[in-house]
Each structure stands twice: as C-alpha cells, then as structure tokens.
Amino acid sequence: MPFRKAGVLLLAVTLVTALAACGDDDDDDTSAGTTEAASGGGAEFTPVTDDTLTVVTSLPAPGFWNGDDPSNITGGYEYEIAKALQERLDLGDLEVVNVSFDQLVAGQVGDFDVALSQVTITDEREQVVDFTEPYFESDQGVLVKADTQVETVDDAKALQWGVQSGTTGADYVTDTLQPEQEPQVFQDLSAGFAALDAGQVDAFMMDTAIVLSQASESDGAEEVVAQFRTGEQYGGILPQGSENADAINGILTDLKDDGSLSEFAEEWLGGDPSSIPVLTP
C-alpha cells in the first residue's frame, strides 16, 4: 500500500544546522505536550519541543538524507522515516539537526527525540544510548574508483583504505581485514569520499547501501565492487531512559509491515546490495 494518504496536510519542516551536545533543560524552554501515536498501538509520545519531532543525523548521508545541510535536504530513506514518524505521531513540525557521528554514538548529544543516522546496533553502543527496533539491514561495502579491481581478499588487503571514525566499517578494516597499510581515518563521509576522488586512498569502506548511493551520484567515476558480510542492523538512537520507545517502535513495525520501508529503499537507495559480490576473510 502506498504510504502517503490522500488529504494529508502539507507539514511544515523546520531545519537547523546544529544541536548542542548534552543540552540543558531550561525552565524557559517550550513545554512539550504528550501526543498519542496514530499507529503502532497508540502509545503515548512526549517530544522535547511541543508539537515538533526533533530528529538528529550526521550529514552527508547520500541515499538516507540527500543534501549536505539540514537546510537543503531533498529526500532520502531515513528522511522518509522521519516524516512518517512525524505524521503518525500527529506532530506539526519536523526539526532536522546535523551532529557529529562520534558524539551521537557516544551518547553525547542531548535535546532530541530520535536519531536516524545509519547507526549499527552494537552491544558497546547500547551501554550509552537506547536503540529502537532495527529498520534496515546492512553489510560493509567497498567503494573504489571505476576500473579498480578488488576480486579477492588479498586484493583488498593490498589497498590503502579510508574509513570514517567511530564506524563499524573502521573497526572491520582494522580488526578483521587487517590490510597491509594502516587505514586513513576521516571524521566525516564527505572528507573520506573526497580523499578517494583525489587518489589519497584506494578504497573506502562504509555500509553497502551508503556507498551504493555515493557511487550512483558519481556519474560513473566510482563503483562498489565488493562487500563483506557482517549482518549489521541499523536502529534509531533514543536518549537513555526515553519513555518514547514504545510509540516509535510501534510505528517502525507498522512501516515495515505495510511495505513503506521497502518503498523508501526502492525510491532512494540507488541499487540492490544483494547484487554486490561478497568477500570472506
């Protein structure tokens, strides 16, 4: 069934560019009113800002959030999830905030309702943040310049790798692949992709769906030639102790059951991860 319903009012989207880590709850902040989810079992939801769903992410994230700044987001898989949450929670505004990925997974970001930032659920991260139910499955893809051959694990080990700090891809390269050269570490994806384009690294490892989207935007200059099976799942991050988990999890389950998540993936993710060859160390 198509997700969008006839007659839904156009929802205003307020976009901002930063969110203070560990923000304080000041007495003069707008008081948040409790709503009841329109789907997902009707659990109660209390936003940090009245009548607003505040979603944090780390940009750029091609395919998941198209645009390098909250002011110019044009769509994406997780953006569609955010809009669906806003609608089904009956909230008037959607506020999208760009934060550091390292701070996010370390539990150092405050004053938000949910984070949608291609975050793999891990036991280590669950020590400092709460996760929603998973909404996406992903492995680790190998992004290279076109015509670069990576047909074997030995080929992969011989490359100069680039990775993003704080990611499971970085951990996989260091701990499992163990290449001949120490990987170069970048704080954000845009810097890593630029390094690949400039020839500073031979390959960049990141979740397969993300690098497929990057390759699709490169006009043939880059391609995803292999992937490593890791069985990872993305989940939304909630502040520890959040009482909104039931409302959000119920809606995520409904989005999966009614086919909306599949529609979002087909529209925005630019390729079929199952078609990429798998290498096994």
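Tallying residues that are among the basic types (Lys, Arg) and over 18 Å from the mean Cα position of the chain (by Cα) within the range 213-261 yields 1. Entry remark, the range 85-119: residues being assigned to a helix (DSSP H, G or I), out of contact with any Asp or Glu (no Cβ under 9 Å at 6 or more places or on another chain) and open to solvent by less than 10 Å² (accessible area, probe 1.4 Å) number 1 in total. In a residue-by-residue description of the range 204-217, the property of being assigned to a strand (DSSP E or B), in contact (Cβ under 8 Å) with a residue 24 or more places away in the chain and either open to solvent by 60 Å² or more (accessible area, probe 1.4 Å) or under 30 Å from Thr35 (Cα atoms) (or both) applies to no position. Within the range 158-203, the set of residues being open to solvent by 10 Å² or more (accessible area, probe 1.4 Å) and among the aromatic types (Phe, Trp, Tyr) comprises Tyr172, Phe186, Phe193.
Taking the criterion of being closer than 19 Å to Val173 by Cα and open to solvent by 20 Å² or more (accessible area, probe 1.4 Å), would at least one residue in the range 233-245 satisfy it? Yes: one or more hits.
With respect to the conditions (1) farther than 30 Å from Ala215 by Cα; (2) open to solvent by less than 10 Å² (accessible area, probe 1.4 Å), Pro70 lacks only one, and its number is (1). Checked against (1) within 17 Å of Val278 (Cα to Cα); (2) part of a helix (DSSP H, G or I), Leu143 passes all but condition (2).
The values are calculated or read from the model by the stated rules, or taken from the named source; none is laboratory data. Computed from a prediction, not measured in an experiment: that's the story for all the values here. Reconstructed Cβ throughout: ideal geometry from the backbone, glycine too, with neighbour counts over all protein chains shown. Keep in mind that these areas ignore ligands, DNA and RNA; they rest on the heavy atoms of the full protein, side chains included. Shrake-Rupley method; radii C 1.70, N 1.55, O 1.52, S 1.80 Å.
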